[in-house]
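Input: a single structure, listed below in structure tokens.
Here, each number is a calculation from the coordinates, and none is a lab measurement. Because the structure is a prediction, the values reported are computed rather than measured. FYI the Cβ positions are ideal-geometry reconstructions off the backbone, even for glycines, and counts take in every protein chain you see.
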There are 2 protein chains.
Amino acid sequence: MVYFAFHLYGQRLFIMTLYVTLAELIGSRIQQGLYLPGDRLPSVRALSQEHGVSLSTVQQAYRQLEDDGLVEPRPKSGYFVPPSRQKPALPMVSRTAQRPVEVSQWDQVLELVSTPPYGDVVQLGRGIPDIEAPTLKPLLRSLSRLSRRQSLKELSYGCVEGEISLREQISRLVLDSGCRIPPEDIVVTTGCHEALSAALRAICQPGDIVAVDSPSFHGVMQALKGFGLKALELPTDPLTGINLEALEMALEQWPIKAIQLTPSCNNPLGYIMPEANKRALLELAQRYDVAIIEDDIYGELAYRYPRPRTIKSFDEDGRVLLCSSFSKTLAPGLRIGWIAPGRYLQRVLHMKYMSTGMSAQLPQLALAEFIGGGLYEPHLRRMRSQYARGRELMTGWVSQYFPAGTRVSQPQGGFMLWVEMPQGFDSQRLNRLLAPHKVQVAPGSIFSAAGKYRNCLRMNFAPKPDARQEQAVRRVGETVSALLAEQETGLEEMSVR
Amino acid sequence: MVYFAFHLYGQRLFIMTLYVTLAELIGSRIQQGLYLPGDRLPSVRALSQEHGVSLSTVQQAYRQLEDDGLVEPRPKSGYFVPPSRQKPALPMVSRTAQRPVEVSQWDQVLELVSTPPYGDVVQLGRGIPDIEAPTLKPLLRSLSRLSRRQSLKELSYGCVEGEISLREQISRLVLDSGCRIPPEDIVVTTGCHEALSAALRAICQPGDIVAVDSPSFHGVMQALKGFGLKALELPTDPLTGINLEALEMALEQWPIKAIQLTPSCNNPLGYIMPEANKRALLELAQRYDVAIIEDDIYGELAYRYPRPRTIKSFDEDGRVLLCSSFSKTLAPGLRIGWIAPGRYLQRVLHMKYMSTGMSAQLPQLALAEFIGGGLYEPHLRRMRSQYARGRELMTGWVSQYFPAGTRVSQPQGGFMLWVEMPQGFDSQRLNRLLAPHKVQVAPGSIFSAAGKYRNCLRMNFAPKPDARQEQAVRRVGETVSALLAEQETGLEEMSVR
């Protein structure tokens, strides 16, 4: 029974229910294309025999898949893969500058991060997970209980490396992505921001060049700017990630210090770089002796199961600095991230110390309890399935409410949709026009060092879909249409003159 | 009634009891030398008439002063200033390199910050306040209550600037140090570490020179190292701080970008720079057009009342970046600090964003409740008085248990004692020798960019004094004596050969 293999670490075996495991197995087969749209799926009886489980377990699994929109029952015929819907076209492969550039766009980022995500604005722009799941409650209870303790362990400085009980849990978690990292090779950080920032500073000096996927996370873009580093934006495929030929040419041409990328459940494009590409990228890094800063913050939210392997899991000489956090899987307000810096451990420790000294003890202790208690994985399962459904719905809304010709990413994990309007569209004014409607999106340009992707935007589908969400997306679509019409008229007028 | 003037901000007027105000007034007169050791203090009746308060209020005030060790009653004669005890000599004015140097000493700092401050080691080395006071409980209750809330306000990202309710409270608090800073000019940070680090990066480029007091906080030394900045250590008087003539000469000679110092309740020396010196330093900074990074983290823990003014309070052109936190006054584990960056606000915001994105919401919200509820000032009063007593006791222990010739700082606030052994003593091996006795101190060399002060160490007198504390200080003294004897024998042997 192969589907147990991934649950043999620690106590998770006892928590994972059989039907969920089975549902995930069938679901991943559908998503991998083993069953095609319209195909009839194995009967309940056949699956029961194949996997040695009861009929009702199989039925439960099929019910969950039905909830997830992955199968549909037909009376007296069994379960089928739903006929494929017409999907919007994918965004185009980015055309990048092919030379290192200095980063701009801080004003636009500041506008986004100065708006608190609570209040009456529908915040489609920021990377905030759904924090309302009941599976999060035990974590809050731990936090609340530990907060009352008046002792040094909770209230004082910890070690600069972070709380050992949490590092032990992280060491167990990374097994799922194929990594064996002992706790002493992990440093707890104040969110993934600090992890990425410490990684960049541990490797680079001002003026150095860092190769990045493009579009790319604006936090990294701004860190490059802040440290005086240059970004070399690489053409990136919306399904497979960084173009490796382009990377090789760049490595040949420029003195690149590090490659920074988000290969699993990319932000903002949502792709998972195929394993072969991950290996090939690592080989290139070895050949040209550059470091890899791997952002895996969304990696545990891959819809397919088991979760994708990290580049770090193939790393043999410690050149990969793996960065992550609990901000996307649990709650950003915890401000707890981590880094496994490989051979750069000592440098990273110094950078961590000088930027914040230590990270807060309380959330670290609560997280260690939560994960150690076997409560993290069930929460992840719930969120993965919610976000997979969210993707379907928001993709549908964009098809419905955005102008024809709009292209949309096909995220394979996480909760972000990348939307590409026709060339010539300019999203810079969009948020100002949306402000009276209390909606905010992330303009595409902040995901590029050079301010490209002005015809793009990113939206968040994490919250449970409801009429308010749909209304917000509809508003964005209508505003985009109006703006596009206005811009086209403007262009016509200009050409008439 | 002059002693009310400092309590007219907000609701604190109603919390401050009359007898405490009176006790603080008399106490500050004694500490300022208006009454000398052995002097008879005004009678209860005289004070009652002078201040228009009841006899029992005066008696209560005197009882508190008696508890603080500042007055002693003599039967039928009234209250007297206790005869002065023989105080140990002050540390010598530092002799510094007088040229910019690169920072070293990371290994020693790492040793200190890798030891968790809980467990069975008496941690005299780290800057940890006493976190056991009952006046801290309401903060923990707020934290616990807010931790249970499953809402975006607590669990998501806030704004990059920090929670507005907390910034409003900080804006009120800084009035006490003579500053008028609106909430929108304050940025919340992850501890004072991030504030100092963001300040340095907002102003300096790698290779730049920063003038610092010496000895100086090791966190700043390491930040200078991390950013590739050079430290120009200035001779510093153990009672009045940076030598201004030396500073002027340095400003004349070197292209200094910023002056970084802790002028109020200095760490590690404990002095409060006189107001005239603060003004003169600001004038120098204006004349040579350099920025001032003012660390005020211990400023609210001045034993004298009212608390000293900050350099920032005299600043008219926004060149002072005032950095502080609640780590020393409440609890370091909160990891909440702040910066008022003056004209550098935009740069500092960018640096804060790239280092941690945002600071955690929960502790910010709990702090805003605690301070807004008028609970901060009573806590500060309690801690100030406890630390003042701690200083007396630890100074006494050092006189008793350390070898003759040991010099000791006379802190005017905070909870750190700087101890200087005879020249030639080397504290580098001290912690290794103390390890079996479960005691740790901070070796002097980490407070210098160039690794000076090897004959010094810093000890913390924050915890309520008890036999275990005394035993630990005694151990340090004995170990110092043994090491000194050994080192002297070694020297003699070397000279005999």
Cβ neighbours within 10 Å from other chains - mean over A:155-168: 5
Computed [θ] at 222 nm, helices only, for chain B once each DSSP H run of length n ≥ 4 contributes -39500 (n - 2.57): -12500 deg cm²/dmol
Convex hull of Cα atoms in the protein assembly as shown, direction-averaged projection (nm²): 47.6
Computed label-point distance, nm, for sites A:Arg382 and B:Gln205 using a 7 Å Cα→Cβ extension: 5.2
Relative contact order %, chain B, counting alpha carbon pairs below 8 Å whose residues are six or more apart: 20
Across the identical copies, how the B:Gln253 labels are spaced - nm, sorted shortest first, 7 Å along Cα→Cβ: 4.9
Long-range Cα-Cα pairs in segment A:306-429 (distance over 18 Å), rounded percent: 70
Distance histogram for segment A:413-472 (every C-alpha pair counted, 10 angstrom bins, percent rounded to whole numbers): 21, 50, 27, 2
Proxy reagent accessibility, fewest Cβ within 10 Å first, across B:Arg347, A:Arg287: A:Arg287, B:Arg347
Ranked list, fewest to most other Cβ atoms within 10 Å of each Cβ, for B:Tyr79, B:Tyr305: B:Tyr305, B:Tyr79
Out-of-range pairs (alpha-carbon distance over 31 Å; input A:Lys257/B:Lys257; A:Lys352/B:Lys87; A:Lys153/A:Lys328; A:Lys87/A:Lys278; B:Lys257/B:Lys452): A:Lys352/B:Lys87
Tensor-based shape of segment B:392-431 (alpha-carbon gyration tensor, a/c under 1.5 rounded, otherwise prolate or oblate): prolate
Residues with amide H under 5 Å from that of B:Ile293, placed H, sequence gap 5 or more: B:Ile259, B:Gln260, B:Leu261, B:Leu321
Dimensionless Rg over Rh [segment B:121-179; C-alpha; Kirkwood]: 1.07
Net length gained if the chain between A:Gln423 and A:Asp317 were fully extended (0.36 nm per residue, minus Cα distance): 33.8 nm
Peptide A:142-148 - average C-beta neighbours from other chains (10 Å radius): 6
nm² value of the averaged projected area, convex hull over the Cα atoms of segment B:364-497: 10.8
Tail beyond 31 Å, pair distance distribution of segment A:136-372 (Cα, percent): 19
Rough spin-label spacing in nm, given labels placed 7 Å along Cα→Cβ, for A:Asp466 and A:Arg40: 4.2
Segment A:314-366 - Rg over Rh from alpha carbon coordinates, Kirkwood radius: 1.02
Within segment A:136-372, percent of DSSP bridges classed antiparallel, to nearest 5: 35
Cubic angstrom per residue, convex hull over Cα atoms of segment A:160-299: 109
Other-copy label distances relative to B:Arg63, 7 angstrom Cα-Cβ extension, nm: 7.1
Residues A:Arg29 and A:Glu488, FRET efficiency given R0 of 56 Å [Cβ-Cβ distance, rounded to 0.05]: 0.80
Pairwise Cα inverse-distance average, inverted: Kirkwood Rh of chain B (Å): 23.7
Inter-chain shielding of A:111-119 (mean C-beta neighbours from other protein chains, 10 Å cut-off): 5
Evaluated over segment A:168-247, the Cα radius of gyration and Dmax, each in Å: 15.0, 39
Rg(Cα) / (2.2 N^0.38 Å) computed for segment A:17-142, rounded to two decimals: 1.61
Computed label-point distance, nm, for sites A:Ser114 and B:Arg343 using a 7 Å Cα→Cβ extension: 2.0
A:Asp67/A:Glu245 FRET efficiency (R0 25 Å; Cβ-Cβ; nearest 0.05): 0.05
Residue exposure sequence - A:Arg335, A:Arg74, B:Arg384, A:Arg407 - by fewest surrounding Cβ within 10 Å: A:Arg74, A:Arg407, B:Arg384, A:Arg335
